[in-house]
1. Just checking, does the range 303-320 include any residue being under 24 Å from Ala631 (Cα atoms), surrounded by 17 or more Cβ atoms within 10 Å (Cβ to Cβ) and at pLDDT 85 or above?
2. Here is a check on your reading of the model: is Thr461 among the hydroxyl-bearing types (Ser, Thr, Tyr), at pLDDT 90 or above and in the same structural domain as Val391 (by the TED database)?
3. What is the one condition in (1) surrounded by 15 or more Cβ atoms within 10 Å (Cβ to Cβ); (2) out of contact with any strand residue (DSSP E or B) (no Cβ under 9 Å at 6 or more places or on another chain); (3) modelled with pLDDT under 85 that Asp610 does not satisfy?
4. Which of the residues spanning the range 351-374 are open to solvent by 20 Å² or more (accessible area, probe 1.4 Å), at pLDDT 90 or above and of a type in the set (A, V, I, L, M)?
5. Taking the range 427-456, which residues are in a helix (DSSP H, G or I), surrounded by fewer than 20 Cβ atoms within 10 Å (Cβ to Cβ) and either free of Cβ contacts under 8 Å to residues at least 60 places away in the same chain or touching a Ser or Thr at 6+ places or on another chain (Cβ under 7 Å) (or both)?
6. Look through Val780, Val735, Val803 and report the one residue that is at pLDDT below 90, under 30 Å from Leu713 (Cβ atoms) and in contact with a helix residue (DSSP H, G or I) (Cβ under 9 Å, 6 or more places away or on another chain).
7. If you take just the helices (runs of 4 or more DSSP H) that sit entirely in the range 487-593, which of them hold at least 1 residues that are surrounded by fewer than 16 Cβ atoms within 10 Å (Cβ to Cβ)?
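The values are calculated or read from the model by the stated rules, or taken from the named source; none is laboratory data. The structure displayed is predicted, hence computed values, not measured ones. As a convention, Cβ positions derive from the backbone with ideal geometry for all residues, glycine included, and neighbour counts pool all protein chains shown. Please note that ligands, DNA and RNA were not included when accessible areas were found on the heavy atoms of the full protein model with its side chains. Shrake-Rupley method; radii C 1.70, N 1.55, O 1.52, S 1.80 Å.
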Amino acid sequence: MRTSPWLVFTYAVIIVLGFLVALPNMLPQATLARIPAWLPHSQVSLGLDLRGGSHLVLEVDEGDLTHERLQSLVGDARRVLRAKNILTKSIVQNKDQIVVVVTDPTQTDAAVTELKTLANTINTGITAGQSDLAINQNNGTITLAFSPAGIAANVDNAVQQSLEVIRQRVDQVGVAEPTIQRIGSNRVLVQLPGTQDPSRLRELLGSTAKMSFHMLAEGGDITNPGPGVTVMKDEKGNSYPIQDRVELSGDRLSDARVSFDPNTHEPLVTFRFDSAGANRFAEITRENVGKPFAIVLDNKVLSAPVIREPITGGSGQISGNFTAESATTLSALLRAGALPAKLTIIEERTVGADLGSDAIRMGIYSGIVGFALVAAFIFVLYGAWGILANVALLIHTVLTFSALTLVGATLTLPGIAGVVLGIGLAVDANVLINERIREETRKGRSAFAAIDNGFRRAYSTIIDGNMTALIAAAILFYFGSGPIRGFAVTMGLGLIISMFTSVAFVRVVMIAIARRRKLKVINIQSLFRFSPYDRHIQFMKARFFGVSVSAFLSIASIALFIYPGLNYGVDFRGGIQMSVKTKDPANLSTFREGLNTLGLGEISLQSFGDNNTILVRAQRQDGGEAAQTAAVEKLKTEVGKIDPSATIEGTDVIGPKVSGELAWAGILSVVIASLAMLFYIWARFEWPFAVGAIVTLVLDVTKAIGFFAITGLDFNLTAIAAILTLVGYSVNDKVVVYDRMRENMRLYKSMPLREIIDKSINETLARSLYTNATAFLALVPMAIWGGSAVSSFAIPMVFGILVAGASSIFIAAPILLFLGDWRTRHRHTNEVKQAEADKAAAQKQLPAAE
């Protein structure tokens, strides 16, 4: 058995390059700056949960956008019809359409022709070439409305323009390395690293910032303003009768800066118009000396001074109850320009820098401990050959980080959990190979024959097992978001890389060692005397007991799901969630008593991690995004009053729309993953195997749900990731047993199915015990020290690993036996019926022959 030198050289180059690419991730910035320029310098980007920062998702308000476009369309309709001397009785906006009533019905066709000139042709997408307006007429009445394609095009354009405006706003306040990108058809994702004030971010990103200058209605009555007048308020609650007519738009602003009043030293916002705006501003002030006018921003009066003299210099100032920070934000908004439509913040997550650094430290510590436990276990299992498996495991971890660096992935705390789980799954391949080689050695194979047969027989099982886990990772990436996607990426990359490190690399090195040492046999010895081999445990005798216990636990889990139910996190029920850290152990009753006086509805408190950390949850407030900001500020203020030493480490604000979408995506992802597993196993094996796996999956998932219910762990997006990973792991575990059953069915065609199943389970028992142990050891440190961010993943996975291992033996195998026996009886019945039918047909033919 020879290995191509070119293959060895290729593997060596891959490993060396992988170490070079991953190296910058282990170096401090000062050292990284001194290494030669020709070496890689890129590092894995850290997610906001590791470095702190804010994550916001903004959605274009489709209704508000359509309303504004229709308002503009009313003026355009009047203009084009007036130009053609087409008289109208009325042109009004009625909900989502414009109704035009023509005075002379004979001019209806001419009016429609002119109004069609206001329509635009859509230039992109599958609706390219269609008109954005739907125009209908009936007896002198014409209706104009945006077509569905037109609305979609308007939203698309608004999102594109909003991206630019948001970038300019973020640049104005000097945030380093922001992430601003479009997600879906009508949403924008904004991620800002570092310490950010959530209320300021809401003001900066959620404000439309449409500034306009209006005259006040003379003698206007704010209780009955009349047509063409709207009552608006300022921040102090004062009301003003504002004329609807816009005298000058904020589009004409060329600059806005913060300055200070020389007398009172209060912050001001000074602004300057472009040339056309300066001329118009001079004209307005010249014609209205002695009259009040209003500066309006997003339907709120900023200032309403009296014009004392013409202002011809093209500049002015806005005074008010500004702080230096609010004045800076307003000037940034005015410089960046107005958003084309109202943006609603539907999801907001803020992580403090301290919490991010703690998460990094806990993630690294738990990862190192997990790796060490797995490496020690493998060394105990396989002795000197275990060292080779551990070297492959180390290379696997390094190549995972190099792959994350090359693809530009973002490492999150769940992503670290994905790396740790990847270590456990990578060991699975090593265990399968070593156990197969042990079997071949016990059969008397030579060293090279044992290596060749061991790898060849284990290869299909490894592929099947990894494919099921990759299906779960792919579905998790598609339906997940943020940190959960980071977990899916790291787990997926880890599975792919394990095919190289655990299979290709280990095979080449084992062959080289066997050749150099001239080994006659491969003797893989354990450091302790535990041999599950050559045992003949009759597992199927306990099949009824196993299925009964499993069914009882699943029914109990369903009952727990109904009552007391799951502890749904903010991801699924919406509202406000705040992480509070106190210097001394937190007194929950004191916090509860103080927070319940705020009038924010139901407030729930929960300790997690340690006695110094509490989770505060409040229901979503009525009144839009401003109400959420006010509620967050109230909570922060009251927390500071109750315990001055307390710090806010993170805040999440989730709207009902997003929480509903996340809940639906979670359910759908689990269902689709289960169906994908069903079809894959059906294609690779036979339908009884697929049915057995799916029934077992249902029982495993229900037990996991019951575990969440009985422990009270947060059921959030991380929990969905745990269940999906458990689905993949559970099927992976069953594939190994199924693969051996299929192999034995071909070898022992006359052996009863029950004996084949028992034989297969006994032969794979060592692998099942060892791989479950390695995955368990990899995740236990994460479950203990990983912190609240991954507790909803690591703890249920530890439980799920134990359940999956037991269900492969006591649930999946008995179901396969039941189905196999049923199929055998069904086949025998059909054969008997066919024989009787053939006999009856032959008897009928006898008299005819006579």
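1. Taking every residue of the range 303-320 in turn, none turns out to be under 24 Å from Ala631 (Cα atoms), surrounded by 17 or more Cβ atoms within 10 Å (Cβ to Cβ) and at pLDDT 85 or above.
2. No; evaluated as a whole, the condition is false for this residue.
3. Only one criterion is unmet by Asp610, namely (1).
4. Scanning the range 351-374 gives Ile368, Val369, Ala372, Leu373.
5. Ala449, Asn453, Arg456
6. Result: Val735 is the single residue among Val780, Val735, Val803 that is at pLDDT below 90, under 30 Å from Leu713 (Cβ atoms) and in contact with a helix residue (DSSP H, G or I) (Cβ under 9 Å, 6 or more places away or on another chain).
7. Here the list reads 506-516, 543-562.
The rows are residues; the columns are (1) among the small types (Gly, Ala, Ser); (2) more than 30 Å from Asn716 (Cα to Cα).
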{"site": "Phe500", "(1), (2)": "no, yes"}
{"site": "Arg507", "(1), (2)": "no, yes"}
{"site": "Ala542", "(1), (2)": "yes, yes"}
{"site": "Gly569", "(1), (2)": "yes, no"}
{"site": "Gln577", "(1), (2)": "no, no"}
